[in-house]
Amino acid sequence: MTDTQEYDVTVVGGGPAGLTTALYTTRLGLDTAMVNRGGGRAAMMLDTHNVIGVTEDVSGNEFLQTAVEQIQSYGADYYRDTVTDVSETEDGRYRIEASDVTTLTEYVVFATGFSDVRPDPPLPRTGKGLHYCLHCDAYMFVDEPVYVMGTGDSAAYVAMILLNFTDEVDLLTRGEAPEWSEETAALLEAHPVDVIHEEIDSMEKGEDGWLEAFVFEDGTRREYRGGFPMYGSEYNTALAESVGVELNDDGTVAVDDHGRTNVDRVYAVGDVTPGHNQIPVALGEGAKAGIAIHMDARTFPMDREEIDAHGGRVPDDAVPAISDRLRERARAHEGGPSEETAAADD
């Protein structure tokens with residue numbers, strides 16, 4: 001039997017967007033849990049790029065672990081577990097079931113991301129010649145030979161985009177017939193991109209593990225520093241769909257500007273929603289969702305009907321609305337009130 005805990009907010013998924021949501025909801029006084037199976041795009045990063053204030057020597061796992069420790073320090077509960085079911089209860093809350101814990105929660109936030117479709121091997125190691133984020137990693141390949149894998153319009157366009165950074169760009173179809181449109185084919189023909197149709201037979205790597213070259217089935221050897229596979233993405237939406245969340249045509253979760261879905265008190269943030277798949281974007285989405293949940297869930301100010309139900313005045317013992325658990329955590333936190341202030345409150 002799993003342990004059952006009650007929360008105001010449960011975040012499903014532990015990437016940058018989910019962690020930021022949990023950071024905001026916790027610091028804004030809502031009892032928050034995160035259930036995270038681990039992995040994800042950010043965890044794959046050998047170096048962190050394009051996140052202001054975070055240097056490149058910080059790996060994705062280090063970045064995420066620091067964030068987990070932050071939300072825990074403010075009072076959020078973190079469970080390394082896999083959610084197996086989400087359902088609405090008779091009293092209008094949501095039941096989040098995982099292998100070792102079950103949460104009952106007023107609000108649920110899906111931060112479940114997506115999985116890049118990986119091409120068949122042989123492949124270099126992710127981060128050392130195999131890269132999934134053009135906007136993050138193109139800078140690394142200025143004046144270096146690069147490849148793009150794929151047969152669709154997106155692969156062709158990424159190959160042309162890389163000409164902004166280097167004059168050595170190959171588009172590898174790996175023995176598959178091109179599927180890009182005639183218009184795209186005409187554009188591609190006009191750009192200095194070599195289209196290589198032979199399948200890859202083997203690869204060569206340096207002592208540092210970085211890709212050095214691919215050898216093709218016709219015996220041709222072509223040197224590359226790295227490149228980008230473009231085979232699409234699989235969005236992790238099954239849990240969200242199970243409670244009636246609507247999807248967009250591209251498979252992402254449909255949300256408003258603050259992460260609200262069509263289902264009451266259900267939010268989605270990060271790569272599972274439309275937009276650029278970037279850590280800074282995810283951080284912003286998490287912040288907006290966290291603030292929106294706070295504004296929906298906060299006790300004060302009470303409306304006139306609620307005040308009348310209390311006899312025309314908010315009871316003194318109802319203030320502050322923050323739970324005793326979070327109140328004590330805030331007092332103990334180095335960013336919380338001083339000992340003198342806490343003593344005065346008592």
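FYI, it's all coordinate maths here, none of it is from the lab. Small disclaimer: the values here were computed from a predicted structure and weren't measured. For neighbour counting, all protein chains shown are included, and Cβ atoms are generated from backbone atoms with ideal geometry for every residue, glycine included.
Of the GluC sites (Glu not before Pro) in region 47-114, the ones in a loop by DSSP (not H, G, I, E or B) with at most 11 other beta carbons within 10 Å are Glu90. Please give me the summed charge of the neighbours of Trp210: other residues whose Cβ is under 15 Å from its Cβ, Lys and Arg +1, Asp and Glu -1. Here the charged neighbours net out to -4. Distant-in-sequence amide contacts of Val11, defined by a placed amide H-H separation under 5 Å and a gap of 5 or more residues or a different chain, comprise Ala33, Met34, Val35, Val109. With only the Cα atoms considered, the chain has a convex hull volume of 175 Å³ per residue.
Evaluating 6.51 cos²θ - 1.76 cosθ + 1.60 at θ = phi - 60° for every residue in region 64-80, the Karplus couplings come out as 5, 5, 4, 5, 4, 5, 5, 5, 5, 5, 8, x, 6, 9, 10, 10, 8 Hz, glycine and proline recorded as x. Given R₀ = 51 Å, what would the calculated FRET efficiency be for Arg331 paired with Met140, taking r from the Cβ atoms and rounding to 0.05? Taking R0 as 51 Å, the efficiency between Arg331 and Met140 is 0.65.
A simple count of charges around Thr102, restricted to other residues whose Cβ falls under 12 Å of its Cβ and scoring Lys, Arg +1 and Asp, Glu -1, yields -4. Count Lys and Arg as plus one, Asp and Glu as minus one, and take only other residues whose Cβ is under 14 Å from that of Glu62; the net charge is then -4.
Considering the options Phe114, Tyr94, Met44, tell which one lies farthest towards the positive end of the dipole of the chain, charges being +1 on Lys and Arg and -1 on Asp and Glu at the Cβ, about the Cα centre. Looking along the dipole axis, the top candidate is Tyr94. Counted over the chain, the DSSP beta bridges are approximately 40% antiparallel. Between Val253, Val243, Gly209, the Cα set farthest toward the positive side of the dipole of region 173-271 (charges on each charged residue's Cβ, about the Cα centre) is that of Val243.
Annotation: amide H of Gln5 within the under-5 Å range of Thr102, Thr103, Leu104, sequence separation 5 or more or interchain, hydrogens built in the peptide plane.
Taking amide H as placed 1.01 Å from N in the peptide plane, the amide H of Glu168 sits under 5 Å from that of Val146, each at least 5 places away or on another chain.
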